[in-house]
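Taking it in order: structure first as structure tokens, then the write-up.
The values are calculated or read from the model by the stated rules, or taken from the named source; none is laboratory data. This structure is a prediction, so every number in the text was calculated from the model and none was measured. Here Cβ is always computed from backbone atoms with ideal geometry, including for glycine, and neighbour counts include all displayed protein chains.
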Amino acid sequence: MFNALKRIKFAKLSLKSKLVLSLSAIAVVLLVSSIISVLEYRSVSSYVSDKIAENIHNINVAQKLANQSNEYNLAILALVGEESFVAMPEFDREGFESRCDSLRKSLSESGFMPLADSVEYSYSAYMLTSLELQDVIVSEFTDTQTWYFERLQPRFNKLIADIDNLTEAIYQELEHNSATFESTFYRGIIPGIVAVVVGFLLLLMLLFFLTIYYVKPIYGMLDSLKIYRSFNTPYNYDFQGDDQLHELNENVSELAAENSRLRKRISAMRSGKSPDTPKE
């Protein structure tokens, strides 16, 4: 019932209105789908791009922490075995700690806080142990090499291992974000594909309506006109509708009826009889 009502309402529209309505529906669907596709791709792509850039930055920061720790540890190793203590190697504590703080802030939303905390704890333990170097060198009871390999080196190894674990976790997140970034392309084109499919279906529907409401009536009118002209029978064709095409069919029917009456009059005049004279 609802479909029949829609068909009746559609049939009452003018020819121009039907075409404009059908084509406008296709245009609106394609436009909306394209806008959704672009917005979806831009939002997801921007978010994932920022995450990838943040991962790369964090990996560089972790690498700088490892390099700075390694340089300091090599400088301490160079002092091991010296008979006299000159000075502690220089170490940029503020730079190291600021890098750790930046990692903690950027990793607070990634679930890597335990790894960042482990790096800070290992760093604190290593630095406190390294400050024993001055007392170990001047002491007559402690061998510097024994102190280095049994106390300081294990803490340095723990610090480097924690930094490597943190770096590996960031690498894994980077791989995940890279895969996500690749998948955003396909997510972005899905609305476009849907728009194409829907547009194709709408075109089929438009073709169906054009065939039913316009092409078929025109062919029916032409066939009735051929029968009318070939066999001199009354023009008789009717179809559902209330638009200009239906009005045209009625006008053709009236013209055909007038033409038939005119032919009868001409034929009667040629035979010398009035077309209005009744037969005896």
Inset, instruction - Restricting attention to the stretch 87-129, report how many residues are of a type in the set (S, T, N, Q) and modelled with pLDDT under 80. - result: 3
Inset, instruction - Answer yes or no as to whether Gly199 is on the phi > 0 side of the Ramachandran plot and surrounded by 12 or more Cβ atoms within 10 Å (Cβ to Cβ). - result: no
Legend entry - Subset of the stretch 47-77 (residues that are surrounded by 14 or more Cβ atoms within 10 Å (Cβ to Cβ), among the polar types (S, T, N, Q) and under 33 Å from the mean Cα position of the chain (by Cα)): Asn55, Asn58
Legend entry - Subset of the stretch 118-158 that is of a type in the set (A, V, I, L, M, F, W, C), surrounded by 13 or more Cβ atoms within 10 Å (Cβ to Cβ) and over 18 Å from Glu90 (Cβ atoms) - its residue that is nearest to the chain's Cα centre (by Cα): Val119
Inset, instruction - Would you be able to say whether some residue in the stretch 224-238 is surrounded by fewer than 14 Cβ atoms within 10 Å (Cβ to Cβ) and either under 26 Å from the mean Cα position of the chain (by Cα) or among the β-branched types (Val, Ile, Thr) (or both)? - result: yes
